[in-house]
Amino acid sequence: MRNKLNTKTRRFWFLAFLAFLASAQLSCHRHDATGSVVVSAEGETTEKADPYVEGNKNIMRRENEEMQMFLKRYGWDMQRTPTGLYIEILEPGNGEQYKENDPVNMEYRTFLLSGEMIYSSDSLGEKHFVVNRSEEIDALHEAVQLLRPGAKARLVIPSYLAYGVAGDGNRISGLQPIMMEIKLLENANNPSTNAFIPNPYN
């Protein structure tokens, strides 16, 4: 998949978004109207929830609820990693798990949570990257380190591990969780055939 925005650009916009939240939080501490700090008649200060931080938490909460509804719709029992990535290993593969600096050759399909398939290796070609080195979404770097060559897995990915606040500049909008099915190829010169069944999510 060829994205119009590379990982550095996505990270720039994500960091810019966090910087905006941080600056807004600092400004809130100077104004009672925002409700960040209240000074009583006795001179005591009371911390109140910052509206910008709370807004960011609400976005993440709504996103997680959307992913939970998606999982419930299909009855999937997926494991959630500490970062918030959902993963289900469909085929275990063989050999040792991938680690940092290992090359990866991958067939894939990418879906919106509506069930619409938007990208696939059938039309765009396989993904080739190096673990924790190449420009790929964070979710893939994390997921492959839980897998072995030949493994097949399903991922449900929050936006902050995918394309962040900016989206990919094409089919994926900002703050949009996605689902992926991935197949890790044991031999780049011997790709698997019929790795995926026809789209079952429509």
Checklist outcome for this item: Scanning segment 45-67 for residues that are modelled with pLDDT under 95, of a type outside the set (Val, Ile, Thr) and in contact with a strand residue (DSSP E or B) (Cβ under 9 Å, 6 or more places away or on another chain) gives Glu47, Lys48
Checklist entry - Which one is surrounded by the fewest Cβ atoms within 10 Å (Cβ to Cβ), of the residues in segment 47-92 that are in a loop (DSSP other than H, G, I, E, B) and of a type in the set (Val, Ile, Thr)? => result Thr83
Next on the checklist: If the requirement is being within 30 Å of Arg62 (Cα to Cα), of a type in the set (A, V, I, L, M, F, W, C) and either modelled with pLDDT under 95 or touching a strand residue (DSSP E or B) at 6+ places or on another chain (Cβ under 9 Å) (or both), which of these qualifies: Val144, Val130?
Outcome noted: Val144
Checklist entry - Out of all the residues in segment 76-87, is one or more more than 20 Å from the chain's Cα centre (by Cα) and modelled with pLDDT of 95 or more? => result no
Checklist entry - Out of curiosity, is Thr110 surrounded by fewer than 14 Cβ atoms within 10 Å (Cβ to Cβ), under 16 Å from the mean Cα position of the chain (by Cα) and on the phi < 0 side of the Ramachandran plot? => result no
Checklist entry - Is it the case that segment 188-201 has a residue that's more than 20 Å from Glu116 (Cα to Cα) and at pLDDT 95 or above? => result no
Next on the checklist: On the basis of being of a type in the set (A, V, I, L, M) and modelled with pLDDT of 85 or more, does Val104 make the cut?
Outcome noted: yes
Checklist entry - So which residues in segment 132-141 are part of a loop (DSSP other than H, G, I, E, B), out of contact with any helix residue (DSSP H, G or I) (no Cβ under 6 Å at 6 or more places or on another chain) and not polar (S, T, N, Q), if there are any at all? => result Arg133, Glu136, Ile137
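Any residue that is crowded, with 17+ Cβ neighbours inside 10 Å, closer than 23 Å to Met67 by Cβ and of a type in the set (Phe, Trp, Tyr) - is there at least one of those in segment 93-103?
Scanning segment 93-103, I find no residue that is crowded, with 17+ Cβ neighbours inside 10 Å, closer than 23 Å to Met67 by Cβ and of a type in the set (Phe, Trp, Tyr), so the answer is no.
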Next on the checklist: Tally up the residues in segment 93-123 that are touching a Phe, Trp or Tyr at 6+ places or on another chain (Cβ under 9 Å) and outside any strand (DSSP E or B), please.
Outcome noted: 6
Checklist outcome for this item: Note on segment 116-125: residues surrounded by fewer than 16 Cβ atoms within 10 Å (Cβ to Cβ) and in contact with a strand residue (DSSP E or B) (Cβ under 7 Å, 6 or more places away or on another chain) are Ile118
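The values are calculated or read from the model by the stated rules, or taken from the named source; none is laboratory data. Computed from a predicted model, the values in this text were never measured in an experiment. Cβ coordinates were reconstructed from backbone atoms using ideal geometry, including for glycine residues, and neighbour counts include every protein chain displayed.
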